[in-house]
Each structure stands twice: as structure tokens, then as C-alpha cells.
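Here the structure comes first, spelled out in C-alpha cells, and everything after it is commentary.
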Amino acid sequence: MQAHQLTLLLALGAAPALAHVSDSGMDYTLYRDHAGTPCCDDRDCRPADDFVDVRERGQVRLLIEGQWIDVPRAIVIAEDAHDGRAHWCGGRLFTNSPLGWVPFPRCVILPARES
């Protein structure tokens, strides 16, 4: 292998992923929280299994890995999901409960409300 080929290969291997796209085509890199910070770090966003959105009561619940999680309205971003599903970006939080590790959303992207 020539030196310039090796350099190119190393550069490509060290570069972060430029996009984080769901199976339905949602490009998570386009979404930002209320402070303008990107919701996604190229690996932590994914669709929720289900959701309940009762905005008039200020309540949003996501079903993630079999657990219903209450989400504060403050982390629901203004832009809508374009695939009709709810999505979340975040990690896991350890609790001193029988649940152990639970999903911890940092950003929630909801589909547009039906009129």
C-alpha cells in the first residue's frame, strides 16, 4: 500500500460519522434543543417504541425498551419528526430502584399533531 493511500485510509477511519440517520430516513443531525445545541452526537438518537402526547396537560410519555418514561416538555424540541414517530436522543441513567438503568432522554422529537 502506498503512503498516500495509507494516509487517506487513516484519515477516513479517524473522521466522525457525518450523519446519523434512522431506518426511516430521519437525519438526527438537523435537530437542536432550545439552547441551539445539537441533540445528536452521531450515535444516541433513535425512535421510541410508542408515545403519548397530551400537550394541553403538558405531558409527554415515551415507551422506550418496554418502560414508559415521563418527559418534561422542556426537552421536546420545536421541529417535528417527519416520519410520524416519536424519537429521542440521550443515554441511560442508573437508578437505585428495581429498574436499574433507565433511558434518559435529552431531546425528544415528536411528529406533527393531527388537526
Taking region 50-87 and keeping residues in contact (Cβ under 8 Å) with a residue 40 or more places away in the chain and farther than 23 Å from residue 24 by Cα leaves 55, 74
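So, in region 64-82, exactly how many residues are open to solvent by 70 Å² or more (accessible area, probe 1.4 Å) and assigned to a loop (DSSP other than H, G, I, E, B)?
The qualifying residues number 5.
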Can residue 33 be described as among the acidic types (Asp, Glu), at pLDDT 85 or above and open to solvent by 60 Å² or more (accessible area, probe 1.4 Å)?
-> no
Sort out which residues of region 90-115 are under 17 Å from residue 52 (Cα atoms) and touching a helix residue (DSSP H, G or I) at 6+ places or on another chain (Cβ under 7 Å), and write them in order of number.
-> 105, 107, 108
From the option list 85, 113, single residue qualifying as surrounded by 17 or more Cβ atoms within 10 Å (Cβ to Cβ) and part of a loop (DSSP other than H, G, I, E, B) is 85
Selection status of residue 93, modelled with pLDDT under 90 and in a loop (DSSP other than H, G, I, E, B) = no
Selected residue (criterion: farthest from the chain's Cα centre (by Cα)) from residues of region 31-59 that are more than 11 Å from residue 109 (Cβ to Cβ) and part of a strand (DSSP E or B) = 54
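The values are calculated or read from the model by the stated rules, or taken from the named source; none is laboratory data. As the structure is a computational prediction, the values presented were derived from the model and not from experiment. In this analysis, Cβ positions are derived from the backbone assuming ideal geometry, glycine residues included, and neighbour counts consider all displayed protein chains. All accessible areas refer to the heavy atoms of the entire protein, side chains included, with ligands and DNA or RNA removed. Shrake-Rupley method; radii C 1.70, N 1.55, O 1.52, S 1.80 Å.
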